Each structure stands twice: as C-alpha cells, then as structure tokens.
There are 2 protein chains.
Amino acid sequence: MHRTNIPSSHPRAKSLYIRELLVNGFKNGMVVQEGLIAHGRGETFDYLLGEGTTETAYTAIKAACSLLLLADHPVISVNGNVAALCSKDVVELSHLIDADIEVNLFYWTEEREIAIEKELKKMGAKKVLGTRSGGSARIPGLQSERRIVDQDGIYKADTVLVPLEDGDRTEALVKMNKKVIAIDLNPLSRTSKAATVTVIDNVIRALPTMAIEAKQLKQKKGQILKKIVNEFDNTKNLSESLEIIRCGMNARQR
Amino acid sequence: MHRTNIPSSHPRAKSLYIRELLVNGFKNGMVVQEGLIAHGRGETFDYLLGEGTTETAYTAIKAACSLLLLADHPVISVNGNVAALCSKDVVELSHLIDADIEVNLFYWTEEREIAIEKELKKMGAKKVLGTRSGGSARIPGLQSERRIVDQDGIYKADTVLVPLEDGDRTEALVKMNKKVIAIDLNPLSRTSKAATVTVIDNVIRALPTMAIEAKQLKQKKGQILKKIVNEFDNTKNLSESLEIIRCGMNARQR
C-alpha cells in the first residue's frame, strides 16, 4: 500500500520496529485504533527515559517477581497491545511463575478476544481465561468493559500482573485487596501510583527481564523473597524514575 | 462495533474527544496507523503541559503570525493528522494570511491525498496544492516521501507553516533558506529546535488562536510585525515550555 518504508537513516529505528509489531497486531484484529494512540503516549515516556531498562526499573522488577513467586494464585492480565507486543514473553513468564493468563479488554469485541486467545495459544499458552466461555464475575465500582473478569481468574487471584492497565481498574483491583503489579511508562499515572509494585519500563523489555529474574529468584527461599518485597518502596521508586525523565530532558535540551 | 463508549466519568474526556476526531479521520482514509501512534506521542506532552495554550505558546503564536503576515509567499503544509483535526482552522487561517495550502504526506498514497484534498475543499479551500496534478519538485537532501513538494507551493515559498512535521524535513526546509513555523508538542524534538518559530501547543488549540491573532496583527504596520519577530527568541521560548513541563511533572507527582 505505502510507496516507501521508513528510511534506514531514521534516528528512531528501534522505536519504529516496536510500532510495526503493534501495527501488525492491528491488522490481525488484536489491537484497536485507541490502542495505537495509547502506544504513542507510552512512546514519549520511553523516549524521555532513554529507551532502556533503568536500574530503578530493575529494582521494581525484582520486587514484582518476588511478589509473583510468593503469590498463591497469580494472574497475568493481557490486553490487545500486550498480545501484539509480547505474547511469547507473557506465556514464558506464566510458566515460570505458575500464573494463569486472562484476556481483559477495554474495547471488548468477541473477534478481538478470539484473535488474542489464538495468538497466546500459538505462543504456547495451554489455557486462556477471560474468554467468556466460562463463568464471569464483575469488579465492583467499575463502569468499563474491563470490569468483567473471569470468576476463576482475576476475580479470585491474590496477585495480578497488569501490563498496560487503566487507572480505574488498577484502583478497583487494589480495593479488592489484591496485590497489583503494573508495567507502565508513565510514573505519574493513576495506575503507577495505585499499584503495589510499578515497573516503569516498556513491556517489550520488562517482560523478558522479568522472566530472567523469575528464573533466578525461584531458587531462593520465601524469606528472601519477602525481604525483597518489604524493602521495596513504590513511591520512592516512582520518584526515581521521574528524576531520570527530568535528567533525560536536560540532556536532550543541550 | 464496540459494546461501550468511554465512561462519562473518565478524567481525560477532552483528550478522548480529540482522539475521536483522529479515529474518524482514520476511518475516512486521511490518517494512517502510524499517525494514530504519533498522535499519542503528542498526547503525553500535552498532558505534561496541562492541556492548555500557555503564555509561552502565545508569545510564539504572535511571532508566527507576524512572520506569516510579513511573508511574500506563505504556504501551510497539511498532513493526514492536521486534516483530521483542524481542516477548517487551516482554511480560515489561509484566508487571513493569504497563504496557499499544500498537502504533504510521509506515507503517501493517492487515496489519502484525494481524501485530504476533499476534506479541505469541503471546509472552504479554493485551491489545494501538492496533489501531483501539477508539476512537482524535490527538497534536496531528503529521503522520505515528504521530499516531494509542489513547484508553485512549498518549493517556491519563503515561509512555510508546518503543523506536525518531522525533523528531517524541517531541517531541510531551513537549509533551503525558508522561514519555518512549526507547531509541535515536544520542545525537545528536532523540528522544534530547527524551526524559525516553534509553537509548543496542540494544533487543535494553536490554529484557532493563530487565526484570532492574525486578524488583530493584520491591522498593524510592517514595522511592528518586524519588531515582534526580531524580539522573539525560539531557543528561549522552548526552554520556557520545557520548564512548564517540569513544573507540571512536579505538580502531578504530589
């Protein structure tokens, strides 16, 4: 359709490659138009963060993995953008931490749900929850489609990993006394502030890093994992990420 | 298609309304997927700026309008996102400053060009340049599709208004000794740094404000306009916008 591709000399080649994954997800029916725009919002924060996993993010990743390994019933929530960007990483992490995978969409259609389930199964997921075939439950106090969750998944989970979440649902899940782990690029978002542990990083880098980290932490005793969780301060961690963004802006100004 | 719309309680209703304009532009064939993502990038900066036209932006708008009114041959360059968000404002401003309108696309297809031309004419544009029916010229040193410009439009213009531009082309236009006025939400972008005057504002607010300002400045003498242009310092103005973003981050952190 397009007469040309991005010139190879383009200074944002890596970021444009991620975009391509998302645009493919759009063509496959997993991603909605609004998801493309939301991705762009994240791109700006990633650009300001320097498009790499920071030491600060790495500290949050360790706490997140510890929390997931300590959980009785962890669930990974997957939306269209997550499916398009990192289905394979979601499945790998789910095996390592023994978590369920559940599809949860803001703009729900059956077609999207099926497309995402198909992609996750292609990448090795044995079971995908939240596909409305089983019983479904409601998150109290939420208006959006994301309130509808699987009775045996997010509804019953004690710990939920929500990569790319909206603020309303994060707050509602915390109110249900769940531990919530968010992956978000905006350290100022309601999601980031409300979550138990927030990883300020691009999902495309954070999830594979979490898999490596989970493999190592699995060998450790529960006490050590608990210590890591207790020593983690989400507010302080978010402040550090914000400081990195500020410094990045200064560097780019010159 | 979607089972629900955004809940009315959503804290980002205004931003979501702008998104809707863009998504409509996508459905009408004017906007590409990459344009949706690019819009999201801007959304983040707008969010950090407080989603309002700042005093700093207003200073740049006055300089931009003065420059356009002093020009012998001003041209407004229109891409898909600009057409979707503010075709009417582009046409109104073009009448006030006696400028040509030219379509210029990074992801060029004939269908997009036709859809955008149609929209601009619907909004009252008498003539739309850059539609390949006339002679076309090349901007030296550019690889992308945006190098192809109208012989009688951007190629010959002394002043070009580029709302939502890419850095490569801004730099190339400046090298051709043209005055370039950019509207951009990122004060750190190559476009912002390279342009003669950069308005750090959302096009959806900046263009109508420019029309109001142009109406008033049209009454003034050339000397006064020249004074406004001479007193404007783009680097200083960008620093001020960046400072507003920094303060906004501090306020949102609390």
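The values are calculated or read from the model by the stated rules, or taken from the named source; none is laboratory data. As the structure is a prediction and not an experimental result, all values here were calculated from the model. Every residue, glycine as well, gets a Cβ built from its backbone with ideal geometry; the counts of neighbours run over all protein chains shown. Calculation scope for accessible area: heavy atoms of the full protein, side chains included, ligands and nucleic acids excluded. Shrake-Rupley method; radii C 1.70, N 1.55, O 1.52, S 1.80 Å.
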- Share antiparallel - DSSP beta bridges, the range A:1-150, percent rounded to 5: 40 percent
- Item | Span from the the range A:147-177 Cα centroid across to the the range B:48-78 one, whole angstrom | 45 Å
- Task: Evaluate peptide A:40-49: per residue, the Cβ atoms of other protein chains within 10 Å of its Cβ; return the mean as an integer.
- Result: 6
- Query: Once you charge only the Cβ atoms, +1 for Lys and Arg and -1 for Asp and Glu, what is the size of the charge dipole of the protein assembly as shown about its Cα centre, to the nearest 20 debye?
  - Reply: 300 debye
- Message: Between A:Thr109, A:Thr191, A:Thr56, where does the largest GNM mean-square fluctuation fall for chain A, given springs only between Cα atoms within less than 10 Å?
- Response: A:Thr109
- Of the DSSP beta bridges with both residues in the protein assembly as shown, give the percent that are antiparallel, rounding to the nearest 5. 15 percent
- Message: Restricting to DSSP H runs of at least four residues, report the calculated mean residue ellipticity at 222 nm for the protein assembly as shown, -39500 (n - 2.57) per run over all residues, nearest 500 deg cm²/dmol.
- Response: -17500 deg cm²/dmol
- Message: Can you give me the % of accessible surface on the range B:161-254 that is carbon or sulfur? Probe 1.4 Å, all protein chains present, nothing else counted.
- Response: 51 percent
- Message: With just the Cα atoms defining each centre, how far is the range B:236-254 from the range B:183-234? Give it in Å.
- Response: 20 Å
- Query: Size of the dipole of chain B about the Cα centre, Lys and Arg at +1 and Asp and Glu at -1 on the beta carbon, nothing else charged, in debye to 20?
  - Reply: 320 debye
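For B:167-174, what's the mean count of beta carbons from other chains sitting within 10 Å of each residue's beta carbon?
Values: counts 3, 4, 0, 0, 0, 0, 0, 0.
Counting other chains' Cβ atoms within 10 Å and averaging over B:167-174 gives 1.
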- Message: Please report Rg (one decimal) and Dmax (integer) in Å for the Cα set of chain A.
- Response: 17.7, 59
- Item | Probe 1.4 Å, protein heavy atoms only - accessible area per residue of the protein assembly as shown in square angstrom | 43 Å²
- Item | For A:Arg252, inter-copy label distances in nm, listed shortest first [label point 7 Å out on the Cα-Cβ vector] | 1.3
- Of B:Leu225, B:Gly167, B:Asn24, whose Cα points farthest to the positive end of the dipole of chain B (charges on the beta-carbon: +1 Lys, Arg; -1 Asp, Glu; origin at the Cα centre)? B:Leu225
- Message: How far, in nm to one decimal, is B:Leu21 from itself in the other copies if the label point is set 7 angstrom along Cα toward Cβ? Shortest first, please.
- Response: 3.2
- Please report the relative contact order for the range B:45-165, taking Cα pairs under 8 Å with a sequence separation of at least 6, and give it as a percent rounded to a whole number. 30 percent
- Could you tell me which residue in chain A puts its beta carbon nearest the axis mapping A onto B, with the distance rounded to whole Å? A:Gly40, 1
- Item | Percent RCO, i.e. relative contact order, over chain B, from Cα pairs under 8 Å lying at least 6 residues apart | 24 percent
- Message: Assume the label is 7 Å from Cα along Cα to beta carbon: what separations in nm does B:Asn230 have to the matching positions in the other copies?
- Response: 7.1
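Rounded to the nearest 20 Debye, what is the dipole magnitude of the range A:86-154 about its Cα centre when Lys and Arg each give +1 and Asp and Glu each give -1 at the C-beta? Please report the intermediate quantities before stating the final value.
Details: 11 positive and 13 negative charges, 20 e Å.
Here the range A:86-154 has a charge dipole of around 100 debye.
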- Query: Comparing B:Lys218, B:Lys178, B:Lys14, which has the greatest mean-square fluctuation in the GNM of chain B with Cα pairs linked when under 10 Å apart?
  - Reply: B:Lys14
- Considering amide H positions built from the backbone, and no H for Pro or chain starts, which residues 5 or more places from A:Ile76, or on another chain, come under 5 Å of its amide H? A:Asp100, A:Ile101, A:Glu102, A:Leu161
- Message: For the interface of B with A, what's the total buried accessible surface in square angstrom, probe 1.4 angstrom, rounded to the nearest hundred?
- Response: 4800 Å²
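How crowded by other chains is A:27-36, given as the mean number of beta carbons from other chains within 10 Å of each beta carbon?
The shielding value for this peptide is 4.
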